Structures are given as structure tokens and as C-alpha cells.
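The structure appears right after this line, and notes come after that.
The values are calculated or read from the model by the stated rules, or taken from the named source; none is laboratory data. All values derive from a computational prediction rather than experimental measurement. Glycine also receives a Cβ, built like all others from the backbone with ideal geometry; neighbour counts cover every protein chain displayed. Just the protein is used for accessible areas: all its heavy atoms, side chains included, with ligands, DNA and RNA removed. Shrake-Rupley method; radii C 1.70, N 1.55, O 1.52, S 1.80 Å.
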Amino acid sequence: MNIQTTAATYAIETRNLNVYYGDFHAVKDVNLRIHKNKITALIGPSGCGKSTVLRCFNRMNDLIPSARIEGDVLFHGKNIYDPDVDPVQVRRRIGMVFQKPNPFPKSIYDNVAWGAKINGFKGDLDALVQESLERAALWNEVKDKLDASGYSLSGGQQQRLCIARALAVKPDIILMDEPTSALDPIASLRIEELMWELAQDVTIIVVTHNMQQAARVSDYTAFFTVTPDRTGYMEEFGETPQIFTTPASKITEDYITGRFG
Amino acid sequence: MTSYFPEGDELQKFVKRRRQKGLIWRSLFLLATTLGVIVLMVLLVTIINDSMGYAAVAYKIAPDELVVGFYRGMMLDAPRAQTYTDLDDLARALAGNPNAVGLLDPAAFQAHADILRQVQVAGGDLSGVVVAVSKDNDWVQNVTILELTPLFTVAETWSDVRPGWPDAPVHRALPEAGSPALDAFVTQVYGDDPAEQPIEALLAMLAQHRSAGALRQFVAEKPLALRTQEEVLAILEEQVLEPTVVETWSLYESLFDRAAIKEAAAGMPDAHLEFRRWITWDFITSPQSSQPEYAGVRTAILGSLWVVFITLIFAVPVGIGAAIYLEEYGSGSWLDQLIETNINNLAGVPSIIYGMLGLAVFVRALGPLTSGAIFGVGDPTTSNGRTILSAGLTLGLLILPIIIINAREAIRAVPQAFREASLGLGATKWQTIWHHVLPNAIPGILTGSILAISRAFGETAPLIVVGASTAIFLDPSGPFSKFTTLPIQIYQWTARPQAAFQNLAAAAIIVLLALLLALNAFAIYLRNRYAVRY
Ligand SMILES: Nc1ncnc2c1ncn2[C@@H]1O[C@H](COP(=O)(O)OP(=O)(O)O)[C@@H](O)[C@H]1O
Ligand SMILES: [Mg+2]
């Protein structure tokens, strides 16, 4: 069945999301509402399940044979884990940028164009490539060497290439899992600026372990932590200024002020 | 402050001891490498040692004797040719006849220089023989090598040789057969190598030495006009010269023990010593033969190529397919694990077992299919399944596990990040495999497959079980032909008693090694050509 674009306020809504890796209960009872065209940051100590939750949003966890998901992930009001939903359709609408830049071993042009091609894009491919690279703030740096390998670029440029690649299939949402953790501070800042510009028409969910980054870049912040038996859960969710200035939870406050984590 | 780590002298000794340990290991590894290299060198040297060297060849008629005898006969049979036992008689007879031309040795000519005149041969005088005419002959000053031929054989009149000369009949005064002057003349004017003779001369030689019946049969097989000089030469060699290799010597003996070889050869009447490279172009392009002089490896090379071709088109696609399934689609269920364990074990099964399997399945059970009988295209000489197809499929089974294991390795080495990136863009699993996994795995898959193919190329035991023919003289014509392969051929030759076959086996081993080397070089080329750099 097709996912119909609706005017819902929330880009993604989870209801009692639980994730298991085999017998291990990795994340429990996540109820989260991601606002449209906003940047939501997922923060928390490492191992608390941020990546796990993020990968639920475009069914990337399907790739892990031991992973099992309970609960709903609503996208345009439709649970993407319903049996009649094809994960390929979901991923076409919800793109992903990974921790380590991973361009294809192809030319810059093909890196951007490939996703559109296999998704049946019928328009002007050159224009799409240019537009996507421009949106990813990479066009000026690569416009003269579109035939060069994606791996000839610097780390920061590679990551922006991956963002351009994700943008080229016109997703509603882009998931970013610690997109700047492999980059130097200047390259990181450029990505952050880029996220701001992109948020005008796409929803961004970003996992970060860098608190300043979360504070600088996001509109909403979800704080995750773990129970003593290492099951992750969402401790607090709210607008970013509120989380960082007046957290409701003591645990959140301890984490944010650097007392643990 | 007490330190728990060694300090001062103790530290020095400690570090030294650790370094010594490393040095010992390093030397051991070097030793292992050297040993390997030495063994390889010894192997190569042994093979090359056998692949060339002196051979004592006995001919029924020696090649030079055949050619010289033929032309000598033509000269002696020429019209108005007169032979003389005494060269003084010859000189006097020649001097008395201005229309005569004659041959003498230089000493005899000097003795009669007052009554004879030497004819200059264009391009340098002949050695050991003088072409002479009477002092009364006033037209012949010089003559070309080409003119010498008609002058001493077919020409009726002098004007036949050169239009400007008179119309007088040519008389010939020749020393008797067997005299050095006559042989020197023939050797220098016509040569003594059959390979240099025109096809007409070769055919005449053939006619001289073969019965009319044999000649008619030769003509019936293929009209003379269509025969090439090489073909006639080959027939001549096989039916008239009939060389047999009496004994052979290795390269080492040929280089350093020549005296002993000469001595041994002297004890063999009629045997000529020849330095032979057993691996020649003829050897590669000739079909198999029961006589070592004519035996070549073409049949075996073609057989090997056919078998390996069948192996390739069967095992490579199936192997890659299975590897893709197991790596990309397999869920790790107990069934998958069982299959996996089985494949790994199959790679270690002795090859003869595959031969037995091939015999039972492809030759016996699927006989009608593998013999081509049900397609009606079977080779009439084989009504059973001992064909190239059976052999190729058997070897295919043999290398299938190797291909699967190598291909899985290559597929597994493709970074997971590419799969995630591809799927994350909304690609299907198959699109991901086709566009990202396979292109990145292909160098490894190809290398593994080619190494497996090399293994099939050198395999012998299973093919013997499946029924490789040991004596096959016809090139294979398709998958339903009987076959032999290079390793089988080598195996068969080494088992022969005649010395020459041992040398042929060495030559065939070199051919096999060269083919394997070419295959491996091709694998390296492919790997470098398609290797993706990231
Ligand atoms: N593929 C997997 N198989 C089993 N356990 C996993 C797997 N991936 C993650 N986990 C476990 O799930 C928990 C959450 O991991 P993750 O989502 O990666 O945390 P984070 O991204 O917040 O650091 C961790 O305890 C981790 O060990
Ligand atoms: Mg993570």
C-alpha cells in the first residue's frame, strides 16, 4: 500500500516503540513526535539506543537479522512496520546519512545521480545533480570535476556529497547518525550550517554526542539514557532551549551539565 | 622510587634478547622462502633440461643424400651427358668439343688449363668444383647460378639457356657419381636441405622413392595443385626419410659432455647427431602421433581448452550464484549452515572421488545426454558418455566449492557501508547487489575463479576415471567428442618406453606451465583492471 502524503503536523510519530536484538531489550517504550521541517536531536550516553531508534525510522534495522521491533512508527499516519508496507518505499522518502562518509566508489556525478536513476527519475538528471549539490553546498567546489571519484574529496566534502546523494531522491526526512563525528571542527560547522538551510524544506533527525552541536543546531531535543540493565529509554523530550536551560528531569540535568555520560 | 620495569644494564640485555628472538624468526621465514624458491627452480631446471639437447636420428635415407642424389641423377640422366672415371679423359674430351660444358675438380682443371677455360659463375665461383668449357668455345664467358640448372639438366641447345648463345646442342662432361666435384656442384647449386626445394622437385623425389600406387593414393586424397610445399615436405619426410630418434641426451649432457655423446653416436651407424629443441611450433601445432618425431600437443591443447571451457561456463555462473545467495540472501538458518559446512568440506575431497562421481552420474546415468545421442549429434566413434561434456562437468563440480568459497570471500569484503548507502536511497536488494556488491566484488571473484580454472586445467586423476582417451589423433570438434587433455597426454608420454617421449613430455609440461602462467597473468590483469580504489 502506498504511503499518502498528508498534512499531519508530525513527520514521524512513534508509539510504544521497543527494539530487541535477540534476547537483549535494547530500547523500550519510546513515544516520540518529530515535528515537520524542524531539526530534532537525539542525545544521550553511548549505548543508550540512539542509533537503534534512528534506524527504526527507515527500517534500516531490517538489515540486522537479530533485530525485532514492537510498537508503531507512524509516517504520514501509516505504521511503516505494517506488513503491507515495502521498506524500499519508506527509504525512498526517508533518507539517511551515516557516521562515516560512505560515497560509492563512483564519480561525484554518479554518486548523486544513481539514487534518482534507480528510483525511476524521468527529469533532467544534470539539473537534478546540480540542484542537489547546490543544496548540499558542494556545487562550487566540485562543478569542474564531476567525473572525479567521490573518494578524491576531503572528509567533509564526502559527507556533503552523501547529503547531496540523499537529497537527490527528494526525501521528506533525512536521518543523520553522528554525521560530523569523523570530521574536523570546521568541516563540522559547515555541515551544521547546511542542516539549518535544509530544514526549510526537509525534516532532519540527527544523532549527536556533541552537546554544543545539539544546542546550536536543533529545534527539539530527545534525551535518551539507560536503565541499570542497559535497556535504553527516552528520559525527556522538548524544545531544545528548554531541555538545555530548564530540564524537567534530574538525570537530564546531570547529563547536560556534564555530571555523567 | 622503585621501578617494576628493567632499567640500565638489565634493560639493555632484555631488549637485546627480544630482538634476537625476532631475528631467529626472521631467519626461519627467509629459510622457508628460499627452500620454496629452490624447489621451484629445481623443478623448472629438470623440465628444461629434458626439453632440449642432442638426439641421434637415424634416417632411412638421409635428407641431404636424398636431395643430392636426386639432382645428381637428373644431371647424369640429362641428354648427351657423358660420365668419366678418369678426369684426364674428361678434360681431353671436353677440350675437343666446343659445344660441351663440363665439371672438374680444381686440381684436374689446373692440370689442363692449357686446353680448357673456366666459366665464371656470377656471384662468386663455386668451391671444390670448376665449370669449364673448351678453349674453342667462344661464347660462354660467365653464367648465373640460375642458368647452371638448365645448362646441366634439361636444356637441349645453348640458346635454351641464354637466347644470345648459339643453337648448338649442349654436351655435358661429368665426373662419375660419387666424385667430390659432382657432389660439391650439386650442394652449392641446388642445396641439400629438402625444406629449400621447390614443390616440383619434392614431388619428383617422392615419385622416385615411392611406388606408383602410394603416389596415386596421395594424389587421390588431395589433388597436387592444392598441396602446399610444406605438406609435400611432410609426406616426404614421413614416407621417404623416415627418421627415427634412436637416443636422446639432456641439455646438461649436450652442453658439458659432448665428447661422450659423439662417441656414443659413432657407435650408431646411419645415425646423425642433431641438436633438438623438443618444444617447437610444429610440436604445438601437430596432432598426436604414435611416432615421437611427429607427435604434437595440438589435440591435447584443444581438448584441454574445450574441457576447461565447459568447466568455466558451468562452474563460474553456478558458483557465483550460490555465493551471492549464501552471502546476501542466506538467513543463517540451520539449512544454510549445513550447506555451508558441506561446501567447505567438498573443497577438500580428493579429486579422484569427483572422477568417480562424474563416471557414475555424467558418463553412466546421463550417458545419452553427455554423448549427444539424444540430440543425434554424437560422435559416431563414441556411443558412450566419455566426452568433453562429461569431463567439463566433472571438473566443474570439482572446482565449484573453490569458486563459491572465493566468491563469498570477495562478496563479504565489500564494505557494509555501500549496502547501507544503497538501501538507504530506496534501492532494492537486487539493485544493491547488482550495482554495488558485485562490481566491488568482481576482481576478487575473477581472481578466485581463474585460480580454480587453473586447478581444473592441471587436473588428471578424475579425467582418467571419467575416461580420457589416451590415444586420440583427431582434434575434438565439440562437447560430444572424445578427448584428451594436456596433463593426460603428459602422463601418457612419461609412461612410454621410447626415450624421445620423455623429452616430449618435458616439452608438453612447458606448454602446460606457459598456459597456466598466461591464465594467472590474465587474472592479475583483470584484478588490476577492475580493482576499485576507495
Ligand atoms: N547489531 C546489534 N546486535 C546486537 N546488539 C546491538 C546491535 N547494535 C547495537 N546493539 C546494542 O544495542 C544498544 C544500543 O546501541 P546503539 O543504538 O548503537 O547505541 P548508541 O547509538 O546510542 O550509542 C547497545 O547496547 C548495543 O550494544
Ligand atoms: Mg550510535
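Some notes on this structure:
- Chain B shape via C-alpha gyration tensor axes, a/c threshold 1.5: prolate
- Area accessible to solvent at residue B:469, 1.4 Å probe radius, in Å²: 20
- Solvent exposure of the range B:78-190 amounts to 43 Å² per residue of accessible area, where only protein heavy atoms count and the probe is 1.4 Å.
- Shape summary: chain A maps onto an equivalent ellipsoid whose semi-axes, from the alpha-carbon gyration tensor, are 30, 22, 16 Å in decreasing order.
- Sparsely packed GluC sites (Glu not before Pro) within the range B:145-236, loop by DSSP, other Cβ within 10 Å at most 15: B:156, B:176
- Evaluated at q = 0.11, 0.16, 0.18 Å⁻¹, the base-10 log of the normalised Debye intensity for the range B:298-530, with identical point scatterers placed on the Cα atoms, takes the values -0.63, -1.10, -1.26.
- Under-5 Å amide H pairs with residue B:385, H placed in peptide plane, nonlocal only: none
- The distance separating the Cα centre of the range B:385-409 from that of the range A:216-234 comes to 55 Å.
- Accessible area in the full protein assembly, largest first, 1.4 Å probe, for B:202, B:23, B:438: B:23, B:438, B:202
- Pairs of Cα atoms nearer than 8 Å and 6+ residues apart set the relative contact order; for the range A:12-256 it is 28 percent.
- Residue mean of other protein chain beta carbons inside 10 Å, B:429-442: 2
- J(HN,Hα) series, the range B:519-530, from Karplus relation 6.51 cos²θ - 1.76 cosθ + 1.60, nearest Hz, glycine and proline x: 4, 5, 4, 4, 4, 5, 4, 4, 4, 6, 5, 9
- Rounded to whole Å, the principal axis extents of the Cα atoms in the protein assembly as shown read 143, 82, 58, largest first.
- Annotation: residue A:36 carries an accessible surface of approximately 80 Å², with a 1.4 Å probe and no ligand, DNA or RNA atoms counted.
- Computed 3J(HN,Hα) for the range A:103-110, one whole-Hz value per residue from the Karplus formula 6.51 cos²θ - 1.76 cosθ + 1.60 where θ = phi - 60°, is x, 6, x, 9, 5, 4, 4, 5, glycine and proline marked x.
- Computed over chain B: relative contact order in percent, which uses C-alpha pairs under 8 Å that are six or more apart: 16
- Cut-off 14 Å between beta-carbons: net charge of the residues surrounding residue B:336, Lys and Arg +1, Asp and Glu -1: -2
- Check: the protein assembly as shown dipole with +1 on Lys, Arg Cβ and -1 on Asp, Glu Cβ, in debye: 3580
- Antiparallel %, DSSP beta bridges [both residues in chain B], to 5: 70
- Excluding same-chain neighbours fewer than eight residues apart, the lysines reachable from residue A:28 by a Cα-Cα span under 30 Å are A:36, A:38, A:50, A:78, A:100, A:250, B:429.
- Length-normalised contact order of the range B:78-190 in % [C-alpha pairs under 8 Å, at least 6 apart]: 36
- Taking the helices alone, chain A has a mean residue ellipticity at 222 nm of -9500 deg cm²/dmol, built from -39,500 (n - 2.57) per DSSP H run of at least 4 residues and averaged over all its residues.
- Rounded, prolate or oblate (a/c below 1.5 giving rounded, otherwise prolate when a/b exceeds b/c) for the range A:125-187 by Cα gyration tensor: oblate
- Å³ per residue enclosed by the Cα convex hull of the range B:78-190: 89
- Per residue of A:83-90, other chain Cβ atoms within 10 Å of the residue Cβ number 2 on average.
- Rolling a 1.4 Å probe over the protein heavy atoms leaves residue B:306 with an accessible area of roughly 80 Å².
- Accessible surface ranking for A:43, B:524, 1.4 angstrom probe, highest first: B:524, A:43.
- The distance linking the range B:87-106 with the range B:120-147 is 13 Å (Cα centroid to Cα centroid, whole angstrom).
- Counting Cβ atoms of other protein chains within 10 Å of each Cβ in B:412-424 and taking the mean gives 6.
- Centre separation in Å (Cα based) which lies between the range A:114-144 and the range B:20-84: 67
- When the helices of chain B are scored as -39500 (n - 2.57) per DSSP H run of n ≥ 4 and the total is divided over every residue, the value at 222 nm lands at -18000 deg cm²/dmol.
- Each of the peptides B:314-327, A:80-93 was scored by the mean count of other Cβ atoms within 10 Å over its residues; in descending order, highest first, they stand as B:314-327, A:80-93.
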